[in-house]
Every structure is written in C-alpha cells, then in structure tokens.
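Colleague: I am attaching a structure below and will ask some questions about it afterwards.
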Amino acid sequence: MREKNTKAQDICKELGLKLTPQRMAILGYLDGNTAHPSAEDIHAAVSRRFPGMSLATVYNTLASLRDRGKLLELTIDPSKKRYDPDTRPHHHLICLDCKRVSDIDHVFDLEVPDPFGYEITGNHIEFYGYCPECKGKKTTSAPARR
Ligand SMILES: [Zn+2]
Ligand SMILES: [Zn+2]
C-alpha cells in the first residue's frame, strides 16, 4: 500500500496535479488495474473510502491523466468509456455479454496499403465475442430445441 501511494505521489508531482487524498485513492485504484474500469466503477470503488467524493472529481482526474498520456481512454464498450493505466500500445477484446475487457499484447503486423499520405503512428484493434463463462451460460441456458 505504501509503495502504491509513493507512485501516486510521483504521478501527481509529474503532472503538476494537487495531491489530494481522493486523487491518491483514484491513482492507487488504477495502478496495475487490468480490469479496464469505467469512471462509474472507479467512483464506486473509491467512494467506499471517500463517501463524499463526486463523480465529477473522478472524471476530472481521469481527463487530466488521459490528456497527459498517463491513461488510455477506450471506446470498445459502447455503453461507457473504459480506462486503462497500461499505456503501452496493445489491443483489446470485449465480451459482448458481461462486457469484460481483456488485453491482447500480440503485435500484429499491419500495413495500410495506401495511407493517404499519412504518417501512421499507431493502431488499435478491437476484438469482440463471448468469454468462457458467458459462452457456457449461452449453451446451458438456451431453451431446448424441439
Ligand atoms: Zn462474458
Ligand atoms: Zn488494456
């Protein structure tokens, strides 16, 4: 826990953000988090410790981190934005049922045949399907065919 706080402090300092306990808690929650939480998920988790924290505080902190390249904002889930503290280039996979988002670290050898004169600096692939649990539910809960 102490290590996490030091890291959160470093990030705040680096970004020139005021060190507030709420911000520290948000950064601590995001640190090493691979669940790709939404702002609402983060708010729900952190407001357990800081009951007075507003969703706006969460949004503002996330926006500062995103704007400074410390957080990826993902649009893979059409119902809400998801956040990823892992800013290395990687791809994502979403379960269409439970909306679980997983990382795909594979490097795809992609080339745009005619990049319209653009200098391509990155890409992001979104995969979708059904996770093992949801796939299982689908087959077991499906009505029996007559
Ligand atoms: Zn699922
Ligand atoms: Zn990710």
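The values are calculated or read from the model by the stated rules, or taken from the named source; none is laboratory data. This one's a predicted model, so the numbers in the text were calculated from it and none came from an experiment. We place every Cβ from the backbone using ideal geometry, glycine too, and count neighbours over all the protein chains shown.
Colleague: Restricting attention to segment 95-104, report how many residues are away from ligand 2 (no atom under 12 Å from the Cβ) and either among the hydrophobic types (A, V, I, L, M, F, W, C) or part of a strand (DSSP E or B) (or both).
Modeller: Counting residues in segment 95-104 that are away from ligand 2 (no atom under 12 Å from the Cβ) and either among the hydrophobic types (A, V, I, L, M, F, W, C) or part of a strand (DSSP E or B) (or both) gives 3.
Colleague: Moving on. In segment 102-130, which residues are within 26 Å of residue 26 (Cα to Cα) and touching a Leu at 6+ places or on another chain (Cβ under 7 Å)?
Modeller: 102, 104
Conditions (1) away from ligand 1 (no atom under 16 Å from the Cβ); (2) farther than 21 Å from residue 10 by Cα; (3) not in a loop (DSSP other than H, G, I, E, B); (4) not assigned by TED's automatic domain parsing to the domain that holds residue 31, marked per residue:
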{"position": "57", "(1), (2), (3), (4)": "yes, no, yes, no"}
{"position": "62", "(1), (2), (3), (4)": "yes, no, yes, no"}
{"position": "65", "(1), (2), (3), (4)": "yes, no, yes, no"}
{"position": "93", "(1), (2), (3), (4)": "no, yes, yes, yes"}
{"position": "108", "(1), (2), (3), (4)": "yes, yes, no, yes"}
{"position": "113", "(1), (2), (3), (4)": "yes, yes, no, yes"}
{"position": "118", "(1), (2), (3), (4)": "yes, yes, no, yes"}
{"position": "137", "(1), (2), (3), (4)": "no, yes, yes, yes"}
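Colleague: Which condition from (1) within 9 Å of ligand 2 (Cβ to nearest atom); (2) part of a strand (DSSP E or B) is the one that residue 88 breaks?
Modeller: For residue 88, the failing item is (2).
Colleague: Within segment 71-81, identify whether any single residue is part of a helix (DSSP H, G or I) and either outside the structural domain of residue 136 (by TED's automatic domain parsing) or over 28 Å from residue 122 (Cβ atoms) (or both), and answer yes or no.
Modeller: No, because not a single residue in segment 71-81 is part of a helix (DSSP H, G or I) and either outside the structural domain of residue 136 (by TED's automatic domain parsing) or over 28 Å from residue 122 (Cβ atoms) (or both).
Colleague: Moving on. Please verify whether segment 117-138 includes one or more residues that are of a type in the set (Ser, Thr, Tyr), more than 16 Å from ligand 2 (Cβ to nearest atom) and under 27 Å from residue 45 (Cα atoms).
Modeller: Checked against the condition, which is being of a type in the set (Ser, Thr, Tyr), more than 16 Å from ligand 2 (Cβ to nearest atom) and under 27 Å from residue 45 (Cα atoms), segment 117-138 yields at least one hit.
Colleague: Turning to a different aspect of this structure: Show the residue pairs that are 6+ apart or on different chains and have beta-carbon atoms under 6 Å apart, the first residue being within segment 97-111 and at negative phi and modelled with pLDDT of 95 or more, the second being away from ligand 2 (no atom under 14 Å from the Cβ) and aromatic (Phe, Trp, Tyr).
Modeller: Close Cβ pairs satisfying both conditions: 97/130.
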